[in-house]
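All remarks here apply to the structure that follows.
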């Protein structure tokens, strides 16, 4: 779901009122998504959902809907695109079923992106239209760089001057003590270090401010119209709308929640703009994205909050930051080609102008 969610996020930049619904297999993790859980093969349920919603376009990734669903979409004039449809299950079906049931339904499918050229040829032989059936790039979760206010970014960059900066994104209350100690530890190696903190939804800025000041740190709050200055050691940001700016500015980011098992941000967001990622072992959401980045050597995973300060101090070194950021960007780029094709396809069906 992560890859498709990324595509809808990108489309929402151009159409904020865009409505999206996901239908997923039973047991699929759907936390944080507008998703309707359907069991495998529940074509009647899916038909009912489509009839009630009447979407402008249907994208099916990694699944082949029942021919009844495809025929219904044709009758309702809903364009359908199949992305990496599984072919093994079709090859096991009788030839007569493929010829009389599947082929007529596939002729109504607007677009098929198969995994390989060989599979694309097979889908054409099963009934897919030759001019609309071919091999596509792998659909993998990446992330579009967040859109930011460039004037605000430039202003904050000027205020931070040349001071080293790391970002704590979505800090939950359970991790406040660890982050406080990490700041103190990292500042022994980087005395001019600034820590930007976005509190999580369960943590008020004032609570963070008071805890850090009690630890002897100089804190300023953006939501109190306080600008950072040469004495600032911690800067509390003004909510999630600014996260993209801090990802751009910070050489290093810790993804809050990953030490305590609370919901965290998608690590692909920071990787898409070149911020090196640190995270803990307790991943609640975006597990596949974390695993891809970690397997590629694009993130630093720590086992416990006690290790955060030393890890920050070590990885603020420009060469280590650059190494993680470069590998992260490579992973993000792997999923970009297919995502771009789907964004363009859906935009065409919805009449959206991507040049705006």
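Every number in this text was worked out from the coordinates using simple rules, so none of it is lab data. What you are looking at is a predicted structure, and each value in this text was computed from that prediction instead of being measured. Note: ideal-geometry Cβ built from the backbone for every residue, glycine included; neighbour counts use all protein chains shown.
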* Asked: Roughly how tilted is helix 2-14, in degrees to the nearest 10 and between 0 and 90, from the longest Cα axis of the chain?
  -> 80
* Asked: Say each of residue 301 and residue 103 gets a label point 7 Å from the Cα, pointing the same way as Cα to Cβ; how far apart are those two points in nm?
  -> 4.9
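Could you give the length gained by full extension between residue 121 and residue 319, i.e. 0.36 nm per residue of separation minus their alpha carbon distance, to one decimal place? Mind dumping the intermediate values first?
Working: separation 198, 0.36 × 198 = 71.28 nm, distance 4.67 nm.
Separation in residues times 0.36 nm, less the Cα-Cα distance, equals 66.6 nm.
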* To do: On a 0 to 90° scale, report how tilted helix 336-350 is relative to the longest principal axis of the chain, with both axes built from alpha carbons and the result rounded to the nearest 10.
  => 60
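Checking the a/c ratio against 1.5 first, then a/b against b/c, what shape does the Cα gyration tensor give for the stretch 162-207? Intermediate values should be presented prior to the final figure.
Details: a/c = 2.89, a/b = 1.79, b/c = 1.62.
Taking the square roots of the gyration eigenvalues as a ≥ b ≥ c, the stretch 162-207 is prolate.
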* Asked: How many nm is it between the label spots at residue 226 and residue 53, if each spot is 7 Å from the Cα in line with the beta carbon?
  -> 4.5
* To do: Would you mind computing, in nm to one decimal, how far apart the modelled labels at residue 91 and residue 288 are, each placed 7 Å from Cα along Cα→Cβ?
  => 2.2
* **Computed over the chain: relative contact order in percent, which uses C-alpha pairs under 8 Å that are six or more apart** => 16
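Per residue and in cubic angstrom, what volume does the convex hull of the Cα atoms of the stretch 250-356 have?
So the per-residue hull volume is 115 Å³.
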* To do: May I ask you to work out the translational diffusion coefficient for the stretch 150-334 at 37 °C, viscosity 0.692 mPa s, via Stokes-Einstein with Rh from the Kirkwood sum over Cα pairs, reported in whole µm²/s?
  => 204
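What is the antiparallel percent of DSSP beta bridges lying wholly in the chain, to the nearest 5? Show your work: numbers first, answer last.
Values: 0 of 36 bridges.
If I count the DSSP bridges inside the chain, around 0 percent turn out antiparallel.
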* **Gain upon complete extension [residue 162, residue 353; 0.36 nm per residue less C-alpha separation]** => 64.9 nm
* Which one of 324, 193, 159 has the biggest mean-square fluctuation once the chain is modelled by GNM with Cα springs under 10 Å? -> 159
* Asked: Mind ordering 302-315, 162-175 by average Cβ neighbours within 10 Å, highest first?
  -> 162-175, 302-315
* **Helix axis angle, 117-126 relative to the chain longest principal axis, alpha carbon, degrees** => 40
* Asked: In whole angstrom, and with the biggest value first, how far do the Cα coordinates of the chain range along each principal axis?
  -> 76, 35, 33
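Nearest 500 deg cm²/dmol is fine: what mean residue ellipticity at 222 nm does the chain get from its DSSP H runs of n ≥ 4 alone, each adding -39,500 (n - 2.57), divided by its residue count?
Mean residue ellipticity at 222 nm (helix-derived): -12000 deg cm²/dmol.
Rounded, prolate or oblate for the stretch 182-271? Axes are the square roots of the Cα gyration tensor eigenvalues, ordered a ≥ b ≥ c, and the cut-off for rounded is a/c under 1.5.
Working: a/c = 1.38, a/b = 1.29, b/c = 1.07.
In terms of gyration-tensor shape, rounded.
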* Most to least packed among 55-62, 247-254 [average Cβ atoms within 10 Å] -> 247-254, 55-62
* Sorted by packing (mean other beta-carbon atoms within 10 Å per residue), highest first, where do 271-278, 236-243 land? -> 271-278, 236-243
* Structure fact -> Contour minus Cα-Cα span, residue 213 to residue 181, at 0.36 nm per residue, comes to 10.3 nm
* Asked: Please state the Cα pair-distance histogram of the stretch 104-193 with 5 angstrom bins from zero: what percent is in each bin?
  -> 3, 10, 12, 10, 9, 9, 6, 4, 6, 9, 10, 8, 4, 1
* Asked: Taking neighbour Cβ counts within 10 Å as the exposure measure, how do 268, 160 sort from fewest upward?
  -> 160, 268
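For 119, 150, which order do you get if you count the other beta carbons within 10 Å of each Cβ and list the fewest first? Intermediate values should be presented prior to the final figure.
Numbers: 119 19, 150 10.
Listed from fewest to most nearby Cβ atoms, that is 150, 119.
Find the relative contact order for the stretch 150-334 and round it to a whole percent, using C-alpha pairs within less than 8 Å whose residues are 6+ positions apart. Could you put the intermediate results ahead of the total?
Numbers: 357 pairs, mean separation 43.1, N = 185.
Reported as a whole number, the value is 23 percent.
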